[in-house]
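Below is one structure; the comments refer to it alone.
The values are calculated or read from the model by the stated rules, or taken from the named source; none is laboratory data. All values derive from a computational prediction rather than experimental measurement. Cβ coordinates were reconstructed from backbone atoms using ideal geometry, including for glycine residues, and neighbour counts include every protein chain displayed.
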Amino acid sequence: MAESTVRVNAAVLVIGNEILSGRTQDTNLAYLAEKLNEYGIQVREARVVPDVEDAIVDAVNALRARFDYVFTTGGIGPTHDDITADCIAKAFGVPLVVDEEIAEILRRRPSPPEVMEARMRMARIPQGGGLIRNPFGPHGFYIGNVYVMAGIPQVMQAMIGALQGQLRRGETIRSRSVTAYLSEGQIARRLGDIQARYPHVDLGSYPFYRSDRYGTTLVMRGSVDADLDAMLAQVRQMIVELGGTPVDEGGG
């Protein structure tokens, strides 16, 4: 079967005061971008918002109108500041309901009444939503094109893994990269000429300073292997002609 030539896009919405304060370093975005590309879905935008109802609702509504999918992380735990489920329900204009499958999972671990009451917050999902399975405990949920997952990396990774094969698939983007000890200024004009020949391949330059020398890594990203290989050959030739030594960094 021929690979799809349709691009399916997504936005990632990271929710949490702890991310914005710097107390917690987000690793979920990088994992999601890579995993979703394997699923044929390209992450085209990411936002970080605090645990504030209006900020979450506004971001969800803006992103779900612009992208094929929105994936959120964070804010679905048992405490007072875990308000993501409430906000998603408000964004869609539906009430929250208790999902009995999640509630049953929570009841399996006996707890004092006040603890159980708090944990039952995690059983609430927007009316009309479905579940994202989680082998580590309570599930995430989805409604419309919005998929709501935990902020804990291990749990989020299990949830996105459970969605494999369930999402609309588009192109998978591949890459090639090459590094040389040439500055961006040295390569800028000719790099622009090469990009113009391949408008459907993204050609990015990423400068670095290493061993007291300036250099640049050039990364090519696209869905057609032949175009990527042709561009890589031209970039390598450019580096040689400018007096540099190209070092292939591989790709995928």
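Return the pair list, or none, for Cβ contacts closer than 6 Å from residues in segment 205-232 that are in the same structural domain as V247 (by TED's automatic domain parsing) and in contact (Cβ under 8 Å) with a residue 24 or more places away in the chain to residues that are part of a helix (DSSP H, G or I) and surrounded by fewer than 19 Cβ atoms within 10 Å (Cβ to Cβ), at least 6 apart or on different chains.
Pairs that qualify, where the first residue is in the same structural domain as V247 (by TED's automatic domain parsing) and in contact (Cβ under 8 Å) with a residue 24 or more places away in the chain and the partner is part of a helix (DSSP H, G or I) and surrounded by fewer than 19 Cβ atoms within 10 Å (Cβ to Cβ), are P207/E184; T216/E184.
Of the conditions (1) touching a residue at least 40 places away in the same chain (Cβ under 8 Å); (2) of a type in the set (A, V, I, L, M, F, W, C); (3) under 19 Å from V12 (Cα atoms); (4) part of a strand (DSSP E or B), V178 fails just one. Which one is it?
Condition (3) is where V178 drops out.
Tell me, yes or no, whether segment 185-197 has at least one residue that is surrounded by fewer than 12 Cβ atoms within 10 Å (Cβ to Cβ) and more than 30 Å from R7 (Cα to Cα).
There is at least one residue in segment 185-197 that is surrounded by fewer than 12 Cβ atoms within 10 Å (Cβ to Cβ) and more than 30 Å from R7 (Cα to Cα).
Considering each residue of segment 61-76, count those that are in a loop (DSSP other than H, G, I, E, B) and either of a type in the set (A, V, I, L, M, F, W, C) or outside the structural domain of A118 (by TED's automatic domain parsing) (or both), and give that number.
Step one: filter segment 61-76 for residues in a loop (DSSP other than H, G, I, E, B), giving 67-68, 74-76.
Subsequent filtering for residues that are either of a type in the set (A, V, I, L, M, F, W, C) or outside the structural domain of A118 (by TED's automatic domain parsing) (or both) retains 67, 76.
Summing the residues that are in a loop (DSSP other than H, G, I, E, B) and either of a type in the set (A, V, I, L, M, F, W, C) or outside the structural domain of A118 (by TED's automatic domain parsing) (or both) in segment 61-76 gives 2.
Has segment 44-67 got at least one residue that is touching a residue at least 60 places away in the same chain (Cβ under 8 Å) and surrounded by fewer than 20 Cβ atoms within 10 Å (Cβ to Cβ)?
Scanning segment 44-67 turns up no residue that is touching a residue at least 60 places away in the same chain (Cβ under 8 Å) and surrounded by fewer than 20 Cβ atoms within 10 Å (Cβ to Cβ).
Take the conditions within 28 Å of the chain's Cα centre (by Cα) and part of a helix (DSSP H, G or I) and apply them to A226. Does it pass?
Here the answer is yes, as A226 does meet what is asked.
Mind listing whichever residues of segment 1-52 are under 15 Å from V148 (Cα atoms) and not hydrophobic (A, V, I, L, M, F, W, C)?
Once the filter is applied, which keeps residues that are under 15 Å from V148 (Cα atoms) and not hydrophobic (A, V, I, L, M, F, W, C), segment 1-52 yields G16, N28, R47, D51.
I need the full set of residues from segment 8-42 which are touching a residue at least 12 places away in the same chain (Cβ under 8 Å), out of contact with any Phe, Trp or Tyr (no Cβ under 8 Å at 6 or more places or on another chain) and more than 14 Å from M156 (Cβ to Cβ), in order please.
Passing the criteria: N17, L20, N37, E38, Y39, G40, Q42.
Would you point out which residue out of G40, G77, G22 is surrounded by fewer than 20 Cβ atoms within 10 Å (Cβ to Cβ), under 17 Å from T172 (Cα atoms) and either in contact with a strand residue (DSSP E or B) (Cβ under 6 Å, 6 or more places away or on another chain) or not hydrophobic (A, V, I, L, M, F, W, C) (or both)?
On the way: G77 fails: under 17 Å from T172 (Cα atoms); G22 fails: under 17 Å from T172 (Cα atoms).
The unique qualifying residue is G40.
For segment 165-177, state whether one or more residues are acidic (D, E), at pLDDT below 95 and closer than 30 Å to S205 by Cβ.
Yes: one or more hits.
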